[in-house]
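The values are calculated or read from the model by the stated rules, or taken from the named source; none is laboratory data. All figures in this text were calculated on a predicted structure; none of them were measured in a lab. Note that each Cβ is placed from the backbone with ideal geometry, even for glycine, and that neighbours are counted across all protein chains shown.
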Amino acid sequence: MPSVQSTSLVRSSAQNMAQAFREPRGKVYLLYGDNLVFQFSHRIGASLAGQGGSIAVVDGANRFDVHAVVRFAQERRLDPEALLDRLYISRGFTCYQMEAAVAERLPGFLKQIGSHTAFIFGLLDTLYDEQAPLRDVRAILKRVVSTLNTMKDEGISILLTCSDWRVHPEERNQLFAELKRSVDRVYRLEMGEEKTPQLYLERERHDAAVPRPLKKGENTDGKNRTNVHKHY
């Protein structure tokens, strides 16, 4: 359980990242790192839904937490039921189910509910299953990434959230490297020296800068870009 100080930092950061993620539309971001990334993503999603938007969540890691959304609503004096009604959850338990959920059903479902926002938890979790041949999961990842890029071109913003972990056999870790190369921005959440979460902009497409912590008020305005998330 995070300390009061840690929780406060995560809440503050999530609000600012939610605002940056909201506009302009059409982006694919990857958030990974400490297990707090899922708590962090819940608050981003709840913040967006609290502003009236609908969000489709594809959960491949079984990490969606209704209680986290309810707590957020109570803190903001919002109607929890109204907030939950704007969140649509689909779960995948195998890599084939995840591909079907993202590549086949997600684009059409977003149009159906009039949403331009999707969250995907644990996209790679099911692809790490050794029972699925490596050749299959590489092909699945390629098709899913192609779908994400198509949705981005149509003005849809997608946040991918996953834990930072190493798997065996070693070659399956290349899936994560391939995913990182495919997105517009890579954010890393980790615990700092004082046991407080820090958010880093690790990589931005066409930017090979050394990973660095985000500074308060920093931004990178530009075409098809959002302001860089403020670091607290």
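Quick rundown of the values:
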quantity	calculated
Residues satisfying the stated conditions in region 42-53, i.e. out of contact with any Phe, Trp or Tyr (no Cβ under 6 Å at 6 or more places or on another chain) and among the small types (Gly, Ala, Ser)	47, 49, 50, 52, 53
Among (1) in contact with a Lys or Arg (Cβ under 8 Å, 6 or more places away or on another chain); (2) loosely packed, with under 13 Cβ neighbours inside 10 Å; (3) without any contact (Cβ under 8 Å) to a residue 60 or more places away in the chain - the single one residue 128 does not satisfy	(2)
Cross-chain or 6+ apart pairs with Cβ under 6 Å, region 89-102 first and hydroxyl-bearing (Ser, Thr, Tyr), then modelled with pLDDT of 95 or more	90/58; 90/101
Any hit, region 184-195, residues being modelled with pLDDT under 75, over 17 Å from residue 35 (Cα atoms) and assigned to a strand (DSSP E or B)	no
From the options 192, 155, residue that is over 22 Å from residue 58 (Cβ atoms), exposed (fewer than 12 other Cβ atoms within 10 Å of the Cβ) and of a type in the set (Gly, Ala, Ser)	192
Filter result (within 13 Å of residue 118 (Cβ to Cβ) and without any contact (Cβ under 8 Å) to a residue 60 or more places away in the chain) within region 37-53	49
Flag if residue 172 is of a type in the set (D, E, K, R), exposed (fewer than 13 other Cβ atoms within 10 Å of the Cβ) and over 19 Å from residue 18 (Cα atoms)	no
Within region 33-43, tally of residues that are within 26 Å of residue 166 (Cβ to Cβ) and part of a helix (DSSP H, G or I)	7
Region 111-161, residues that are within 13 Å of residue 98 (Cα to Cα), of a type outside the set (A, V, I, L, M, F, W, C) and assigned to a loop (DSSP other than H, G, I, E, B)	122, 125, 129
Unique match (being touching a Phe, Trp or Tyr at 6+ places or on another chain (Cβ under 6 Å), farther than 23 Å from residue 128 by Cα and either of a type in the set (A, V, I, L, M) or free of Cβ contacts under 8 Å to residues at least 24 places away in the same chain (or both)) among 73, 61, 82, 56	56
